[in-house]
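What follows is one structure encoded as structure tokens, with my remarks underneath.
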Amino acid sequence: MTLFEWLFRNRRTGEITIWQSPNAPALVSFVAGAVAWLFPDGAVGRVARAVTAGATLVWAVLELASGVNPNRRLTGLGALLSLGRRALR
């Protein structure tokens with residue numbers, strides 16, 4: 001098994017999985033992130049950034065715990081580390 005196959009082989013189906021449709025937390029994070037980008041200042045921006053961080057946290061934990069392949073789990077771990085780094089600033 002190559003590194004590519006190990007990273008991207010879906011452990012449930014055996015197929016190569018590089019892309020999946022976003023789940024609900026990912027969609028919420030994308031939309032809230034767009035709102036935060038459009039309204040960077042004020043209460044709307046603050047709330048949108050908080051919602052983005054919360055939804056990204058939920059998404060990352062779900063990916064780390066139940067991602068279909070190591071790539072998805074590593075992506076979840078990376079997102080968690082990034083959120084932690086931002087929180088420590």
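The values are calculated or read from the model by the stated rules, or taken from the named source; none is laboratory data. Not measured: the values here are computed from a predicted model. Glycine also receives a Cβ, built like all others from the backbone with ideal geometry; neighbour counts cover every protein chain displayed.
What do you reckon, is Ala26 surrounded by 14 or more Cβ atoms within 10 Å (Cβ to Cβ), part of a helix (DSSP H, G or I), at pLDDT 95 or above and in contact with a Phe, Trp or Tyr (Cβ under 7 Å, 6 or more places away or on another chain)?
Values: surrounded by 14 or more Cβ atoms within 10 Å (Cβ to Cβ): yes; part of a helix (DSSP H, G or I): yes; at pLDDT 95 or above: yes; in contact with a Phe, Trp or Tyr (Cβ under 7 Å, 6 or more places away or on another chain): yes.
Here the answer is yes, as Ala26 does meet what is asked.
Determine which member of the set Ala79, Ala87 is small (Gly, Ala, Ser), touching a Leu at 6+ places or on another chain (Cβ under 9 Å) and either part of a helix (DSSP H, G or I) or loosely packed, with under 15 Cβ neighbours inside 10 Å (or both). Talk me through it step by step, then tell me what you get.
On the way: Ala87 fails: touching a Leu at 6+ places or on another chain (Cβ under 9 Å).
Step by step, each of Ala79, Ala87 is checked, and only Ala79 is small (Gly, Ala, Ser), touching a Leu at 6+ places or on another chain (Cβ under 9 Å) and either part of a helix (DSSP H, G or I) or loosely packed, with under 15 Cβ neighbours inside 10 Å (or both).
Please state which of the following conditions Pro40 fails to meet, knowing it meets all the rest: (1) within 28 Å of Pro70 (Cβ to Cβ); (2) loosely packed, with under 13 Cβ neighbours inside 10 Å; (3) not basic (Lys, Arg).
Tallying (1) within 28 Å of Pro70 (Cβ to Cβ); (2) loosely packed, with under 13 Cβ neighbours inside 10 Å; (3) not basic (Lys, Arg), Pro40 fails exactly one: (1).
Among the residues of region 8-22, are any modelled with pLDDT of 95 or more, surrounded by fewer than 17 Cβ atoms within 10 Å (Cβ to Cβ), part of a helix (DSSP H, G or I) and of a type in the set (A, V, I, L, M)?
No, there is no match, as no residue in region 8-22 is modelled with pLDDT of 95 or more, surrounded by fewer than 17 Cβ atoms within 10 Å (Cβ to Cβ), part of a helix (DSSP H, G or I) and of a type in the set (A, V, I, L, M).
Which pairs do you get when a residue that is within 16 Å of Thr56 (Cβ to Cβ), found in region 3-29, comes within reach of a residue that is not hydrophobic (A, V, I, L, M, F, W, C), reach meaning Cβ atoms under 8 angstrom, with the pair 6+ apart or on two chains?
Pairs that qualify, where the first residue is within 16 Å of Thr56 (Cβ to Cβ) and the partner is not hydrophobic (A, V, I, L, M, F, W, C), are Pro25/Thr56; Ser29/Thr52; Ser29/Thr56.
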